[in-house]
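The values are calculated or read from the model by the stated rules, or taken from the named source; none is laboratory data. Keep in mind the model is a prediction, meaning the values are calculated, not measured. Using ideal geometry, Cβ is built from the backbone for each residue, glycine included, and neighbour counts are taken over all protein chains shown.
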Amino acid sequence: MSSPQGLIDLRITRSDDDFRREIYAHRNAIRHLSPNHGPRLLASEPRLRSLLTVQPRGWRVDNANLQLLLRVHEEAGRLLRVLHDSAGRNDESRTQAPRATALYVQRIRALVRQVGALMPMTQQDAVERSAAIVLEHIRDLPAAFCHGTFGPSTWEWQSQSQTLSLTGFGRSQIMAAVIDLARPALLWAKQPSLRDWFFKGFGRALSESELLVLKHMSVLATAEDLLHAIHLRDRESISAAAAALRGAIDKPGTTLESGSTTSVAAKQTRS
């Protein structure tokens, strides 16, 4: 449904926990994005696990050549940093992030084991290895309020105002910040200039631990996307997600040098 403010969306969450998590996200994190850059919660009904939101109009970035625009990636980095910083730097965030990240990793690993023959054994083994590596370093990863499924499929570009908005906050919560870089990193491997402009907006370099686990987070994220496509029984989505998972597995271990995650502005200052 359309309104002068944007597109009205009525969502029914899958569980009470999902409902509480999304309400918390709106009240504590999403509100830090301006109305042009993210949804606004209009109403909610706990008994029905329903949320009524308004979302800015825009074109989905992954459905067009928009995902190759440098400005889109700079804006994506800037908006993600706003969202990440909304978690603050208190002890509660540092305690909650490892626990929530571990649950995220364990959920994907458990679902992969359930699908069995629907996923090749080589891919199952790769997911197991990536999960183990992430869990090994989990307490060293910086915390943030994460989008949860951040990537071009959740970015919408408003061509008239030249602004980006974020959608799809159903998995938002405090976790390891690097989770939100897992999907964009697959595109950066093909187009390094997009990575540079993203970090110009993001405004901070990745830590050593984040660089170490980024590839493995990409494997887990693409496995999650494949599992979702299998659940929907959408052949086109399954094919695309399976190709993305193969690409994540085949990607070299650390494709981002520490210097490559420094903002473009900082690089220009040094030169």
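Values for this structure:
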{"quantity": "Within region 60-73, tally of residues that are in contact with a helix residue (DSSP H, G or I) (Cβ under 6 Å, 6 or more places away or on another chain) and surrounded by fewer than 19 Cβ atoms within 10 Å (Cβ to Cβ)", "calculated": "2"}
{"quantity": "Residue in region 184-197 that is within 18 Å of the chain's Cα centre (by Cα), of a type in the set (S, T, Y) and within 23 Å of V61 (Cα to Cα) present", "calculated": "no"}
{"quantity": "Meets criteria (touching a Lys or Arg at 6+ places or on another chain (Cβ under 8 Å) and at negative phi) for L7", "calculated": "yes"}
{"quantity": "Verdict on V54 being over 25 Å from D140 (Cβ atoms), surrounded by 15 or more Cβ atoms within 10 Å (Cβ to Cβ) and aliphatic (A, V, I, L, M)", "calculated": "yes"}
{"quantity": "Strands (runs of 3 or more DSSP E) (entirely within region 150-195) containing at least 2 residues that are over 26 Å from R20 (Cβ atoms)", "calculated": "155-158, 163-166"}
{"quantity": "Hey, G170 at pLDDT below 95 and either within 22 Å of L227 (Cβ to Cβ) or among the acidic types (D, E) (or both) or not", "calculated": "yes"}
{"quantity": "Failed condition for L206, given (1) more than 12 Å from the chain's Cα centre (by Cα); (2) farther than 20 Å from R71 by Cα; (3) assigned to a helix (DSSP H, G or I)", "calculated": "(3)"}
{"quantity": "Residues within region 221-242 that are among the charged types (D, E, K, R) and farther than 19 Å from I179 by Cβ, tallied", "calculated": "4"}
{"quantity": "Per-region count, region 126-149, residues part of a helix (DSSP H, G or I), surrounded by fewer than 21 Cβ atoms within 10 Å (Cβ to Cβ) and touching a residue at least 24 places away in the same chain (Cβ under 8 Å)", "calculated": "6"}
{"quantity": "Index of the failed condition, L181 passing every other in (1) closer than 19 Å to A97 by Cβ; (2) of a type outside the set (S, T, Y); (3) out of contact with any helix residue (DSSP H, G or I) (no Cβ under 8 Å at 6 or more places or on another chain)", "calculated": "(3)"}
{"quantity": "Selected residue (criterion: nearest to S93 (Cα to Cα)) from residues of region 32-51 that are surrounded by fewer than 17 Cβ atoms within 10 Å (Cβ to Cβ) and touching a residue at least 40 places away in the same chain (Cβ under 8 Å)", "calculated": "H32"}
